[in-house]
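*Asks:* Here it is, the structure in full.
Rule-based calculations on the coordinates, nothing more; no lab input. Just so it is clear, the model here is predicted, and its values are computed rather than measured. All Cβ positions, even for glycine, are placed from backbone atoms using ideal geometry, and neighbour counts span all protein chains on display.
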Amino acid sequence: MKVGLKVWRYDSVSGERALREYEIDAPEEATLLDCLDIVKDRHDGSLAYRKSCRMMICGSCGMRMDGAAVLACKTRMYDIAQEGRVPVISAMGNLPIVKDLVVDMDPFWSKFKAMWPWLEPGYERPDDGREYRISQERMNVVHKEALCINCGCCVSECNAMESDPEFLGPQALAKGMRFVGDPRDSATVERLERYNQEHGIWDCTRCYFCNERCPKGVDPRDAIAKLGAESIRLGIDRDMGAKHAKWFVRSAETTGWLREEELIPKTQGYVSAIKQLKFGASLARHGKVRPVPIPHTARDVGEARNLRKVVRGQDRQGALGHVQGERALARLAHGNAGESLEEIYARPGAAPRPFLPGEGQGSLTQADVTPGKEPTRKRGEA
Amino acid sequence: MIAKHDVLVVGAGCAGMRAAIEAFDAGADVAMISKLHPTRSHSGAAEGGINAALGNAAEDNAEIHAYDTVKGSDYLGDQDAIEVFAEEAPGDIIQLENWGAFFSRREDGKLAQRPFGAAGSPRTVYAADITGHVLIQVLWEQVCKRDIPVYEEFFAWQLVDHEDRCQGVICWDLLHGGLKTVGGKTVVLATGGAGRQYRVTTNAYACTGDGMAMALHAGLPLKDMEFMQFHPTTLYPTGILLTEGCRGEGAYLINKDGERFMKHYAPNALELASRDVVSRSEQTEIDEGRGIEGSVLLDMRHLGAERIIERLPGSRELSMTYAGVDPIYDPVPVRPGAHYHMGGIETDNDGATEMTGLYAAGECACVSIHGANRLGGNSLMETITFGRRAGRSAAEWALSHTTVEVPESAERDAEARLRELLDREDGERPWKIREELGTSMLENFAVFRTEEGMTKQIEIIEGLRERYPTVYVEDKGEVFNSDLTQAIELGNMLDTALCMVTAGVVRKESRGAHARPHDYPTRDDENFLHHSITRWKDGGIELSKSEVRFTKWEPQERKY
């Protein structure tokens with residue numbers, strides 16, 4: 001198939017930028033990375049980009065396609081080529097460009113290292129010289145964070161980092177959660193104190209671009225939310241961000257609506273609030289807040305309180321309150337909920353049903369050959 | 001020379017990082033050199049698991065692990081090394097877990113273990129199907145904790161062989177340009193494999209045998225190079241790996257009729273026979289017309305959505321992305337693909353090579369515990385156990401010796417050679433030679449080998465090597481010149497491929513991954529129960545042999 005690409009070239013020595021267009025022949029299964037290889041081999045050997053595993057695990061080939069961060073090796077080109085689109089390929093954002101599609105990862109790694117990215121051995125250390133005994137359930141809290149391949153796609157897209165380059169950023173904070181949520185780690189409080197400082201968890205703008213663009217389903221924004229929840233659970237709530245979050249909850253469970261005029265004093269303190277009176281007056285003038293608060297309680301406040309009770313009752317405090325992705329890769333769509341194996345075998349165009357030679361076709365009744373605990377039984381069998 | 005260290009580790013995958021950590025803990029000033037960032041190393045792509053006889057899932061011990069490994073090696077593994085390996089493996093796994101590795105767990109909270117091919121007990125510790133990723137992360141974390149310096153994106157090119165010992169490495173600085181020499185009292189090579197010699201491979205673009213080639217060019221012996229493992233389940237058409245864990249969890253291999261053909265080849269172990277056996281069976285099915293478009297099918301449908309999603313999420317993602325198949329509904333087309341080099345730089349059980357001050361560990365080394373065929377899950381374990389041992393012995397030697405000296409002439413010669421390549425104004429672009437090598441290796445030196453094919457392959461490689469001195473590097477810049485490093489890598493692949501096929505032709509038997517069903521279909525212990533040694537001499541290859549070390553297992557017929 002014919003594939004067209006426009007690539008932003010950059011020469012760091014001369015400082016020149018140029019958008020170059022290439023048209024190549026590629027096999028139908030080609031990924032963006034395959035296409036760049038063809039360009040480099042046969043058209044322009046000076047094109048620079050990183051690559052290694054080509055199976056979305058090494059994290060080398062993060063770059064932007066039409067302005068959105070992708071792993072080049074994960075991006076199949078067939079549909080794009082069929083539509084006749086010519087995508088624009090450029091280097092990742094928020095990191096200095098070295099050459100063409102290669103960025104300087106030093107700022108990325110220095111933030112990673114600022115997280116104390118290693119386990120501080122903890123309280124439950126086994127005294128028999130063996131492994132820690134921890135249930136899978138407890139480890140699942142940081143399952144998604146453990147999937148991170150440090151490709152930098154989230155950092156590339158981070159809006160908070162664009163305005164504050166010192167913001168620790170989604171990947172570093174996700175790494176932080178990896179240890180805060182690990183029951184083997186004993187430095188939770190020290191970590192959270194550090195991550196709560198300026199440029200830390202509360203500086204995230206919650207735009208969710210990191211979740212959107214992460215090629216591995218790490219959902220860094222969720223990790224940041226978990227860090228916030230853990231901080232508050234442990235009473236590390238000096239930051240205005242933490243106070244802000246707490247006030248939302250307090251406001252919702254007491255009166256059932258958000259008492260905005262109390263938000264600033266509760267978050268920033270009374271002195272700061274007085275200083276902002278002028279700003280408040282301006283907001284009131286434009287109808288953004290009520291000039292005079294009318295004390296009342298929302299009609300169905302009981303529901304809000306009950307909801308809170310339910311959450312408390314489930315004992316899902318802190319990070320445990322975030323359940324959305326304990327099996328991130330399972331997010332890949334599938335609709336097998338109700339289908340039996342028989343139905344799957346009977347699907348139109350299905351591959352032949354497996355059988356062991358020497359027995360009747362379709363037989364799956366032979367003794368299980370797999371050593372292990374669970375036999376591979378036919379689904380739906382008793 | 002830009003810097004010197006006690007211990008210099010080349011390569012920062014599992015073996016390299018483990019060696020560096022150990023050398024650091026032994027008190028040495030250690031640094032790592034890698035052409036990639038450490039977490040990009042291909043160890044991270046390992047999926048299924050890492051073998052240690054913990055006995056968590058069923059009764060197991062080091063002796064059974066050692067026996068399985070000896071048998072798997074088709075009796076070509078060095079048994080003293082295998083015993084060391086099996087005994088030290090459990091301790092190394094516990095240490096990784098204590099460091100924070102994110103392994104999968106049993107209900108009682110202990111480490112889970114799954115069955116793997118040719119293993120007498122479920123002994124493969126795993127992290128779903130991203131075990132390598134988890135190991136790379138935990139080792140990188142420990143490297144960060146110790147603040148071990150890394151010369152990142154330094155392409156190691158030549159060893160400094162001065163006064164009969166290795167004293168450093170000459171590298172191309174990929175990010176900034178220029179040749180840079182880093183001195184080391186000892187050097188540990190941990191540069192991984194060379195699967196890119198084949199068109200269909202599970203290996204990353206980075207796996208080009210650089211360390212093996214550096215050692216070869218320094219006059220060191222490479223051992224058992226003819227043994228290239230073909231992994232039975234690589235995705236069609238890309239060659240991307242689907243873990244043996246799929247079969248460990250119960251997946252079937254079927255042909256176009258749905259027949260579980262492994263019943264004919266390994267009636268007891270079926271899909272969980274040793275990798276060489278399964279690859280040969282698949283290739284036979286394909287060759288005899290019972291495949292589908294050059295592949296067979298890996299059928300996971302009966303495992304059910306829940307088990308696939310929980311235990312094999314990465315394999316499912318790979319199948320969906322690269323083959324467009326959801327294994328919950330449809331079997332995945334797979335075929336054998338080049339996967340792992342059993343051979344490599346000859347070392348003793350402490351990673352020491354023939355050259356004073358030079359050590360090797362991991363896939364680039366040949367201790368040898370894998371012999372003629374490696375068992376799934378043993379290579380990750382080897383990187384840890386022998387990475388640690390090599391790091392320890394390299395540090396001990398370095399701490400008892402003082403000087404590092406790199407003669408100016410070495411740097412001058414390297415510069416001249418580099419300029420010769422970089423300044424060439426026209427010639428052939430490397431990709432064509434690379435593709436011809438990949439295609440011909442797959443044709444003539446893959447799962448099945450014949451005298452005729454191998455002889456032809458030597459001619460092909462010689463022809464490509466003649467063309468190689470004309471390759472032309474189009475990028476003349478200094479900054480991130482991957483066009484230059486890819487040209488050097490091609491040279492490394494050609495030379496190591498020549499070693500492989502040359503050693504293969506003279507091994508007139510079938511053993512492990514070296515299968516010659518048409519002319520020498522059986523194992524011949526009388527004449528070939530020895531290691532092959534290849535050396536570079538006067539621009540060609542010199543062949544010799546060395547003894548296999550036995551402890552307690554006599555060679556027997558191998559059946560699964």
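*Asks:* GluC sites (Glu not before Pro), restricted to the range B:119-228: which are DSSP loop and have at most 15 other Cβ atoms within 10 Å? Spell out each step's value before the answer.
*Replies:* Values: sites: B:E141, B:E152, B:E153, B:E163, B:E226; in loops: B:E153, B:E163, B:E226.
When the GluC sites (Glu not before Pro) of the range B:119-228 are filtered for loop state and at most 15 Cβ neighbours within 10 Å, B:E163 remain.
*Asks:* Roughly how compact is the range A:60-115, stated as its Cα Rg over 2.2 N^0.38 Å to two decimals?
*Replies:* Working: Rg = 13.7 Å, N = 56, 2.2 N^0.38 = 10.2 Å.
Compared with the compact-globule rule of thumb, the range A:60-115 sits at 1.35.
*Asks:* Another question, if that's okay. Which of the cysteines found in chain A have nothing to pair with, since no other Cys Cβ lies under 4.7 Å from theirs?
*Replies:* Isolated Cys, chain A: A:C35, A:C61, A:C73, A:C148, A:C151, A:C153, A:C158, A:C204, A:C207, A:C214.
*Asks:* If the cut-off is a Cα-Cα distance under 18 Å, which lysines reach B:K4, setting aside same-chain residues fewer than 8 apart in sequence?
*Replies:* Once the sequence-local lysines are set aside, what remains near B:K4 is B:K180, B:K185.
*Asks:* For a distance above 42 Å, tell me the whole-number percent of Cα pairs in the protein assembly as shown that qualify. List each step's numbers first, then the result.
*Replies:* Working: 160110 of 443211 pairs.
So the pairs more than 42 Å apart make up 36 percent of the total in the protein assembly as shown.
*Asks:* Place the peptides B:430-439, B:544-553 in order of packing, highest mean first, counting for every residue the other Cβ atoms within 10 Å and averaging per peptide. Mind dumping the intermediate values first?
*Replies:* On the way: B:430-439: 18.3, B:544-553: 13.5.
So the peptides B:430-439, B:544-553, ranked by packing, come out B:430-439, B:544-553.
*Asks:* Take the alpha-carbon positions of the range A:2-103, form their convex hull, and give its projected area averaged over all directions (one quarter of the hull surface) in nm². Write out the running numbers ahead of the final one.
*Replies:* Working: hull surface 24.3 nm².
Average projection, Cα convex hull of the range A:2-103: 6.1 nm².
*Asks:* In degrees, nearest 10, range 0 to 90: what is the angle between the Cα axis of helix B:275-287 and the longest Cα principal axis of chain B?
*Replies:* The helix B:275-287 is inclined about 70 degrees to chain B.
*Asks:* Right, next: Leaving out same-chain residues fewer than 8 places away, which aspartates and glutamates sit with a Cα under 16 Å from that of A:K288?
*Replies:* A:E260, A:E261, A:E262
*Asks:* Please report, largest first and rounded to whole Å, the three semi-axes of the ellipsoid equivalent to the range B:463-560, where each semi-axis is the square root of five times an eigenvalue of the C-alpha gyration tensor.
*Replies:* Details: eigenvalues 290, 42, 39 Å².
After diagonalising the Cα gyration tensor, the semi-axes are 38, 15, 14 Å.
*Asks:* Kindly provide log₁₀ I(q)/I(0) values, in the same order as q = 0.10 Å⁻¹, from the Debye equation applied to equal alpha-carbon scatterers of the range B:305-458.
*Replies:* Reported log10 I(q)/I(0), two decimals: -0.72.
*Asks:* Jot down the per residue volume, in cubic angstrom and as a whole number, of the convex hull over the alpha-carbon atoms of the range B:208-283. Don't skip to the answer; put the middle values down first.
*Replies:* Working: hull volume 9.1 nm³, N = 76.
That works out to 120 Å³ per residue.
*Asks:* Quick check: convex hull of the Cα atoms in the range B:232-335, volume per residue, rounded to a whole Å³? Mind dumping the intermediate values first?
*Replies:* Working: hull volume 8.7 nm³, N = 104.
Roughly 83 Å³ of hull volume per residue.
*Asks:* Quick one, what does Rg over Rh come out to for the range B:376-532 if you take C-alpha atoms and the Kirkwood Rh? The partial results should precede the final answer.
*Replies:* Numbers: Rg = 20.7 Å, Rh = 19.3 Å.
Across the range B:376-532, the Cα-based Rg/Rh ratio is 1.07.
*Asks:* When Cβ neighbours within 10 Å are restricted to other protein chains, what is their mean count per residue of peptide B:303-310?
*Replies:* Numbers: counts 3, 10, 8, 5, 3, 3, 7, 4.
The mean count of partner-chain Cβ atoms within 10 Å per residue comes to 5.
*Asks:* Taking 24 Å as the cut-off for C-alpha to C-alpha distance, list the pairs among A:K74/B:K35; A:K113/B:K35; B:K35/B:K537; B:K223/B:K508 that go past it. All intermediate terms of the calculation are to be shown ahead of the outcome.
*Replies:* Numbers: A:K74/B:K35 22 Å; A:K113/B:K35 21 Å; B:K35/B:K537 28 Å; B:K223/B:K508 17 Å.
Violating the 24 Å limit, Cα to Cα: B:K35/B:K537.
*Asks:* Same structure, new question: Kindly provide the GluC sites (Glu not before Pro) of the range B:343-433 that DSSP labels as loop, not H, G, I, E or B, and whose Cβ sees at most 11 other Cβ atoms within 10 Å. Display every interim value, and only then the final one.
*Replies:* Values: sites: B:E346, B:E354, B:E363, B:E382, B:E396, B:E405, B:E408, B:E411, B:E415, B:E420, B:E425, B:E428; in loops: B:E354, B:E405, B:E425.
Filter output for the range B:343-433: B:E425.
*Asks:* Moving on to the next point. Holding the Cα-Cα limit at 26 Å, pick out from A:K243/A:K278; B:K456/B:K545; A:K226/A:K266; A:K111/A:K246 the pairs that are longer than that.
*Replies:* Values: A:K243/A:K278 22 Å; B:K456/B:K545 23 Å; A:K226/A:K266 22 Å; A:K111/A:K246 28 Å.
Beyond 26 Å between Cα atoms: A:K111/A:K246.
*Asks:* Can I ask one more? Which whole number gives the average count of other chain Cβ atoms within 10 Å of the Cβ atoms across peptide B:512-519?
*Replies:* On the way: counts 0, 0, 0, 0, 0, 0, 0, 0.
Other-chain Cβ atoms within 10 Å of each residue's Cβ, averaged: 0.
*Asks:* Relative contact order of chain A, please, whole-number percent, based on alpha carbon pairs below 8 angstrom and at least 6 residues apart. Intermediate results must be reported in sequence, preceding the final value.
*Replies:* Values: 556 pairs, mean separation 45.2, N = 382.
Computed over chain A, the figure is 12 percent.
*Asks:* Taking 8 Å as the Cα distance limit and 6 or more residues as the minimum spacing, I'd like the relative contact order of chain B as a percentage.
*Replies:* On the way: 1369 pairs, mean separation 121.8, N = 560.
Relative contact order of chain B: 22 percent.
*Asks:* Same structure again: What full-extension length gain, to one decimal in nm, is calculated for B:V506 and B:T551 as 0.36 nm per residue of separation minus the Cα-Cα distance?
*Replies:* 13.5 nm
*Asks:* Return P(r) of chain A (all Cα-Cα pairs; 10 Å bins starting at 0; whole %; ordered from short to long distances).
*Replies:* Going from the shortest bin to the longest, the percentages are 4, 16, 21, 21, 19, 13, 4, 1, 0.
*Asks:* Just to compare against my own numbers: the Cα pair-distance distribution for the range B:32-145, 5 Å bins, whole % per bin, please.
*Replies:* 2, 12, 19, 21, 19, 14, 9, 3, 0
*Asks:* Can you give the calculated 222 nm mean residue ellipticity of chain B, where each DSSP H run of n ≥ 4 adds -39,500 (n - 2.57) and the sum is split over every residue, rounded to the nearest 500 deg cm²/dmol? Write down the numbers at each step before the final one.
*Replies:* Details: 16 runs with 200 residues, N = 560.
That comes out to -11000 deg cm²/dmol.
*Asks:* Can you give the Rg/Rh ratio of the range B:150-197, where Rg is from the C-alpha atoms and Rh is the Kirkwood radius? List each step's numbers first, then the result.
*Replies:* Working: Rg = 11.9 Å, Rh = 11.8 Å.
Rounded to two decimals, Rg over Rh is 1.01.
*Asks:* Rank the residues A:S52, A:S60, A:S340 as a footprinting-exposure proxy: fewest other Cβ atoms within 10 Å of their Cβ go first.
*Replies:* Working: A:S52 24, A:S60 28, A:S340 14.
By the 10 Å Cβ count, ascending, the order reads A:S340, A:S52, A:S60.
*Asks:* Taking 8 Å as the Cα distance limit and 6 or more residues as the minimum spacing, I'd like the relative contact order of the range A:2-103 as a percentage. Each step should come with its number before you reach the end.
*Replies:* Working: 191 pairs, mean separation 35.5, N = 102.
Computed value for the range A:2-103: 35 percent relative contact order.
*Asks:* Could you give the semi-axes, largest first, of the ellipsoid that matches chain B, computed as the square roots of 5 times the alpha carbon gyration tensor eigenvalues and rounded to whole Å?
*Replies:* Working: eigenvalues 240, 148, 106 Å².
Ellipsoid half-lengths, sorted descending, are 35, 27, 23 Å.
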